[in-house]
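Asks: For reference, the structure I am asking about is given below.
Read-outs: derived from the displayed coordinates by stated rules, not from any lab. Computed from a predicted structure; not experimentally measured. So basically every Cβ, Gly included, is an ideal-geometry build from the backbone, and we count neighbours across all protein chains shown.
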Amino acid sequence: LKVINCCVWDPSGEIFELKAELNSDKKEKKKEAVKKVIASMTVGKDVSALFPDVVNCMQTDNLELKKLVYLYLMNYAKSQPDMAIMAVNTFVKDCEDPNPLIRALAVRTMGCIRVDKITEYLCEPLRKCLKDEDPYVRKTAAVCVAKLHDINAQLVEDQGFLDTLKDLISDSNPMVVANAVAALSEIAESHPNSNLLDLNPQTINKLLTALNECTEWGQIFILDCLANYMPCDDRESQSICERVTPRLSHANSAVVLSAVKVLMKFMEMLPKDLDYYGTLLKKLAPPLVTLLSAEAELQYVALRNINLIVQKRPEILKHEMKVFFVKYNDPIYVKLEKLDIMIRLASQANIAQVLAELKEYATEVDVDFVRKAVRAIGRCAIKVEQSAERCVSTLLDLIQTKVNYVVQEAIVVIKDIFRKYPNKYESVIATLCENLDSLDEPEARAAMIWIVGEYAERIDNADELLESFLEGFHDESAQVQLQLLTAIVKLFLKKPTETQELVQQVLSLATQDSDNPDLRDRGYIYWRLLSTDPVAAKEVVLAEKPLISEETDLIEPTLLEELICHIGTLASVYHKPPSAFVEGSRGVQHKRLPARAGSCLLYSPAASHFMGAGLGVAPAAMPASLGGAPAVGGGLGDLFDLGGGVGMPTGSYVAPKTVWLLAIKAKGLEISGTFARRGGIIQMDLSLTNKAMSVMTDFAVQFNRNSFGLAPAGPMQVLTPLSPNQTIDVSLPLSMSGPVMKMEPLNNLQVAVKNNIDVFYFSCQYPLSLLFVEDGRFYRQVFLATWKDIPNDSEAQFQIKDIHLNSDVASNKLQGSNIFTIAKRTVEGQDMLYQSIKLTNGIWVLAEMRIQTGNPNYTLSIKCRAPEVCQFVYQCYELVLKN
Amino acid sequence: MIGGLFIYNHKGEVLISRVYRDDIGRNAVDAFRVNVIHARQQVRSPVTNIARTSFFHIKRSNIWLAAVTKQNVNAAMVFEFLYKMCDVMSAYFGKISEENIKNNFVLIYELLDEILDFGYPQNSETGALKTFITQQGIKGQHQTKEEQSQITSQVTGQIGWRREGIKYRRNELFLDVLESVNLLMSPQGQVLSAHVSGRVVMKSYLSGMPECKFGMNDKIVIDKQGKGGTTDDPGKSELGGSGKQSIAIDDCTFHQCVRLSKFDSERSISFIPPDGEYELMRYRTTKDIILPFRVIPLVREVGRTKLEVKVVIKSNFKPSLLAQKIEVRIPTPLNTSGVQVICMKGKAKYKASENAIVWKIKRMAGMKESQISAEIELLPTNDKKKWARPPISMNFEVPFAPSGLKVRYLKVFESKLNYSDHDVIKWVRYIGRSGIYETRC
């Protein structure tokens, strides 16, 4: 019957024939048949029907045949779990084979068979193999623990394999050590909070010894693991660096890059005035340059990393500009990356050379590359002031070539140069205007229109030029339309007499005929401004523009720090944190650079670990007057007679201020405060009271690392000195970009406040609702599935007692604190509210609140993948509902 | 770690597919084919992210090798592994071609099982692999217990690249210093960038486990010794004219057999070599490079339909030495309709398919010069874009090291066997080749 079944879906009879051959008595024929099966498997044909026949060939002394059968098993065991059991016996027997190669083969293959029943049988052989006398078997078994953990983590923990694996770090054989390190690192990654890779100076010493002796791959595993270690002090950091530097001469580029990662990271801890620090910097340049003579793909990886290194420590490669010159035959991806680095390294010292190169590149074939080269010339002009003139003339030369995309790109960058150096190069406008007709890309058209509008008073026929664009207004892209609207309004404000008609025309085009809300809004604003108060209009529209920054495309510093910790990996190639492209828990852990020892000197030694990384890095220059934003919003509301309060949340609950720092403990400074979340901005409201006899000045504030990375978004603005008995209220905006460390309790925040007298420390606790973000509405459709997906043991139940609100009022109140009710169900007089919360770090919290009519006690069930937050979420519910 | 490894032919058909991780599905095989192999555009990056899966690929002739992962792997390691994989395959069956891969697919699967475990690269030295992964799969049974443990200790051991018990009747070694000299010169003859990337390739046929020590005229070593009082033997200098005793090496990297910590502390190069041919070291120099040829271009546009090109090459080394295989490649515009060439030496031809005039000279002695002139007729076009004028490139081979590197010694010690350093026959050869040797015009 089986045979007939086969024939039904096997019209060519191939499977049937194979079956016969597999059951042949002749060994050679059998082997050939298995080979054919594997070949079919490779091209994607389904040969799972042959499972029993192939498994029958497993018991053989022929190693090659055995390996083929194993290969088949690994592929199909999952789809035929019951039959896969047939193979167990052979595996267990092979694990006892006198030949170490066969023992290893068996344990290696068994780990790849993802069938629960088989894993159970795997434990005993694996335990033996982990203690095998032969290092080849041990190194294979070490990796097998990681395989098993991937299938059944609990089993691995229960069986104590993790401890055995830890013991293997002290193995006499370097390759066993390397594989054990790799396996442990992988397992530790999926348990971010476990102390699995318990790195201490002793284990580090073992790893460094194994580093000298193991294969190139093993060296990579060990170096990548070392990079996760935090040395206790600068001396330890230096001694590790000294033992890692020889790796920079390894032929394998990955070894070199991983060594660079360790050095870049540990270097953070070395004081800059140390001689060794300078030596190390010098040692880093040559190997990085050597990476550029590797194959193209590796060059690409190296260049992406060098791009990061150059941003973090420009001094390393500042003299190596020439090696980044583009070669005619480089693949395009190498060319583009080299160009990027050239711009980063451009300085007054080498600008002449760089410009000569860029000009050369602008005549190449690849359009993207040419565009980037032209753009690079513009960036040089902005970066190196002395070169601006030469850059502009180079750009003008390029415009003369009349190559369409070159001209357009040049115009886009010239616009930026105008903004950077006002009133300097406007003489070239005439040349630019000649090319008006050839511009067909939105960005270039928009740039050109901006230039015409901005310098309308110097261009005689500005009105004609702009009018010519108006004809096809509706066919333009939004970018161009917006720019055209602004430019014409500028023109009108500068030459009101001749252009009244034009401005009328553009305003009506923008407000009446367009369905783009941005365009309409901008049109209305201009219209009202112009009709109500032309003087104000002039002030707004022709306001002095802020200077554009020199380095617009630098990677944001905290991201850069994280990426430096990932040198050599995919994250450094994508320039994205792993969480952006890795699924599951693996990517969640953010890595940070260690703090420099020297930066703590400002404070008392006892506080050195406390002040951490913050002080070395200048806080992002964010004006503290963020309150400006809502004000503008309000103004707009008035303009459109929107009235207040539409769709506005009622605002979150703010607890009254409590005293955090007593005057007697802080030489007369008393601090009380609270936290608030206003319009998505987290603020710490502080009252500083001077209870001492003398004036206090020079206030500054720092946070210790904390669970959610809260940090001041700007300096504390205490502008006037605080005289005795005076109280001053300060609102400090907070960002979430600080260093992260889990605190106990979770919402604990340790703060240091400095003034002219001393530094004071206190700790306070913030309500977790501070971190509930405004877009915390979970998808209704997937709520249930996610709820079920989170294991029940991470569900937490709470009672909220003595609440006399109906469910609608309660959910409105909660919504004010960004706890969103996304569904409601009423069952037998009981209201069930399903709610979601999202924390600033992306953690989702799901909750179910049961309200029985007449019962003042609510039941709250909370589920979250990070169960430790549940308790604090419950506290927020209490706080919000009771106030 | 690496989740899977696929090999495709130029049409995108899968030749080898091995999946190591559960998160990589069969659809990954197709995703790469559709998005990369069949993509119309030229390859814009060797790393591609498709639907949260990252693909690393390299190409060998028309074969694609792709490694796949969903994790944040060490990207440099993945590429190094792919190259290594190619080396291993070539060592087993020669050129990497569709036919060879199809004929050896069982072997390839066996290798992939051995050198990549759960996506972690394992020992991939061919010397070691060949002892237990063979085409005669039955070898396993005939090994004695000692042989087996020897294999495993070699695969996992500190000297994974060499097996014990090697015997030669004649102990012999060959050293090739192979350099490629790279130049980018402006039309005015200004050196924009120049560097030598060199390799020391060793072929060793030595018995036992010989301990070797390699010495060259590294400036740092010589300066240190100079202080100590020892002087270098001047008779060894083959390139006497330059009088260069030592050279500054910018950076060097070594085969994994070299003890790196020893190099770091004492700058001495000591190792136990693999058997047969391997690359001992690579190095890079940028100072005082001898540029064997100078190219002087002159391009004149005569009206819109004619170009006049004159190129002079000058050889810049000792007259007694001969450069070989000289080739000068002068690019011509795409709208070239005809070319007339006159050259003093060698043969020159216009190759329309390559858009270039190729001028070949078999041999040329040092301190000579030669010249080519050409008239290029152009078809009138209304293409506004100017001709990009690619650089003039050059190929050649010279019998010396343009960096000035010299081998001072290679000492061999094998204490257990009865041969000494004097009994080893040693050969040294220097070859300088052009790398990317370009002059803009």
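Asks: Calculate the dipole size of segment A:658-766 relative to its Cα centre from +1 charges on Lys and Arg beta carbons and -1 charges on Asp and Glu beta carbons; express the result in debye to the nearest 20.
Replies: Here the size comes out at about 160 debye.
Asks: At 222 nm, what value in deg cm²/dmol follows for chain A if DSSP H runs of at least 4 each add -39500 (n - 2.57) and the sum is divided by all its residues, to the nearest 500?
Replies: Theoretical 222 nm ellipticity from helices: -15000 deg cm²/dmol.
Asks: Can you list the aspartates and glutamates whose alpha carbon is less than 18 Å from that of A:K206, not counting same-chain residues fewer than 8 positions off?
Replies: A:D163, A:D167, A:D171, A:D198, A:E216, A:D224, A:E236, A:E242
Asks: Let me ask something else. Cut-off under 20 Å on the C-alpha distance; same-chain residues fewer than 8 positions from B:K219 excluded. Which aspartates and glutamates are left, in chain and number order?
Replies: B:E179, B:D232, B:D233, B:E238, B:D250, B:D251, B:D264, B:E266, B:D288
Asks: Which whole number gives the average count of other chain Cβ atoms within 10 Å of the Cβ atoms across peptide B:423-435?
Replies: Counting other chains' Cβ atoms within 10 Å and averaging over B:423-435 gives 0.
Asks: Can you check what the net charge comes to around B:D264, using other residues whose Cβ is under 15 Å from the Cβ of B:D264 (Lys, Arg +1; Asp, Glu -1)?
Replies: So the surrounding residues net to +4.
Asks: Rounded to a whole number, what is D in µm²/s for the protein assembly as shown from Stokes-Einstein with the Kirkwood radius over alpha-carbon pairs (25 °C, 0.890 mPa s)?
Replies: Once the numbers are plugged in, D ends up at 68 µm²/s.
Asks: Could you put B:V295, B:V312 in order, starting from the residue whose Cβ has the fewest other Cβ atoms within 10 Å?
Replies: Ranked by crowding around the Cβ, least crowded first: B:V312, B:V295.
Asks: On to the next question. Using only DSSP helix segments of four residues or longer, with each worth -39500 (n - 2.57), what per-residue ellipticity at 222 nm results for chain B after dividing by its residue count and rounding to 500?
Replies: -5500 deg cm²/dmol
Asks: Here is a follow-up. I need to check one value: relative contact order of segment A:441-542, counting alpha carbon pairs closer than 8 Å and at least 6 residues apart, in percent.
Replies: 26 percent
Asks: Here's another thing I want to ask about it. Tell me the relative contact order for segment A:346-439 as a rounded percent, counting alpha carbon contacts under 8 Å between residues six or more apart.
Replies: Values: 93 pairs, mean separation 23.1, N = 94.
Worked out over segment A:346-439, it gives 25 percent.
Asks: Okay, next question. Averaged across the residues of B:18-26, what count of C-beta atoms belonging to other chains lies within 10 Å of each residue's C-beta?
Replies: The mean count of partner-chain Cβ atoms within 10 Å per residue comes to 3.
Asks: Can you pick out the pairs among A:K402/B:K351; A:K372/B:K11; A:K31/B:K145; A:K36/A:K139; A:K383/A:K545; A:K282/A:K318 whose Cα atoms lie more than 21 Å from each other?
Replies: Distance filter (> 21 Å) returns A:K402/B:K351; A:K372/B:K11; A:K31/B:K145; A:K36/A:K139.
Asks: Using the charge dipole of chain A (Lys, Arg: +1 at Cβ; Asp, Glu: -1 at Cβ; taken about the Cα centre), state which of A:I822, A:L465, A:A182 has its Cα farthest towards the positive end.
Replies: A:A182
Asks: Using the 10 angstrom Cβ neighbour count as an exposure proxy, how do A:T401, A:T497, A:T290 rank, fewest first?
Replies: Listing A:T401, A:T497, A:T290 from fewest to most nearby Cβ atoms yields A:T497, A:T401, A:T290.
Asks: Sort A:W787, B:W427, A:W217, A:W450 so the one with the fewest other Cβ atoms within 10 Å of its own Cβ comes first.
Replies: On the way: A:W787 16, B:W427 10, A:W217 27, A:W450 20.
Ordered by Cβ neighbours within 10 Å, fewest first: B:W427, A:W787, A:W450, A:W217.
Asks: Kindly provide the GluC sites (Glu not before Pro) of segment A:774-883 that DSSP labels as loop, not H, G, I, E or B, and whose Cβ sees at most 13 other Cβ atoms within 10 Å.
Replies: Loop-located and lightly packed - A:E774, A:E828.
Asks: Give me the percent relative contact order of segment B:288-333, please, defined on Cα pairs under 8 angstrom at least 6 residues apart. Provide the component values of the computation, followed by the final result.
Replies: On the way: 39 pairs, mean separation 15.8, N = 46.
It comes to 34 percent, rounded to a whole number.
Asks: Could you list, bin by bin from short to long, the percent of Cα-Cα pairs of segment A:89-200 in 10 Å steps?
Replies: Going out from 0 Å in 10 Å bins, segment A:89-200 shows 16, 51, 29, 4, 0 percent.
Asks: At q = 0.06, 0.13, 0.14 Å⁻¹, what is the log10 ratio I(q)/I(0) for chain B, with the Debye formula run over Cα points and no solvent?
Replies: Scattering profile of chain B, log10 relative to I(0): -0.37, -1.27, -1.30.
Asks: Extent of segment B:1-74 along each principal axis, from alpha carbon coordinates, in Å, largest to smallest?
Replies: Answer, in whole Å and largest first: 28, 24, 20 Å.
Asks: Identify all lysines with a Cα-Cα distance to B:K70 below 18 Å; exclude those on the same chain that are fewer than 8 residues away in sequence.
Replies: Cα-Cα hits under 18 Å: A:K147, A:K576.
Asks: Then there's this: What list of ³J(HN,Hα) couplings, whole Hz, do you get for segment B:258-272 from phi and the Karplus terms 6.51, -1.76, 1.60, once you set θ to phi - 60° and write x for glycine and proline?
Replies: For segment B:258-272, the Karplus-derived couplings read 7, 6, 5, 5, 5, 5, 5, 8, 10, 6, 9, 9, 10, 6, 10 Hz, x marking Gly and Pro.
Asks: I've got another one for you. Could you count how many Lys pairs in segment A:771-882 have their Cα atoms under 14 Å apart, skipping same-chain pairs fewer than 8 positions apart?
Replies: Total qualifying Lys-Lys pairs in segment A:771-882 comes to 4.
Asks: For segment A:267-277, take each phi angle, set θ = phi - 60°, evaluate the Karplus expression 6.51 cos²θ - 1.76 cosθ + 1.60, and give the result in whole Hz per residue in order, putting x for glycine and proline.
Replies: Calculated HN-Hα couplings, in order: 4, 3, 8, 7, x, 5, 8, 5, 4, 4, 4 Hz.
Asks: Please get the size of the charge dipole for chain B, origin at its Cα centre, with Cβ charges of +1 on Lys and Arg and -1 on Asp and Glu, quoted in debye to the nearest 20.
Replies: Using Cβ point charges on Lys, Arg, Asp and Glu, chain B gives about 1580 debye.
Asks: Computed on alpha carbon atoms, what radius of gyration and Dmax characterise segment A:441-542, expressed in Å?
Replies: Every Cα atom of segment A:441-542 included, Rg and Dmax give 12.3, 36 Å.
Asks: For peptide A:572-583, how many partner chain Cβ atoms fall within 10 Å of a residue's Cβ, on average?
Replies: Neighbouring Cβ atoms belonging to other protein chains average 4 per residue here.
Asks: About its Cα centre, what dipole magnitude does the protein assembly as shown give when the only charges are +1 on Lys and Arg Cβ and -1 on Asp and Glu Cβ, stated in debye to the nearest 20?
Replies: 3780 debye
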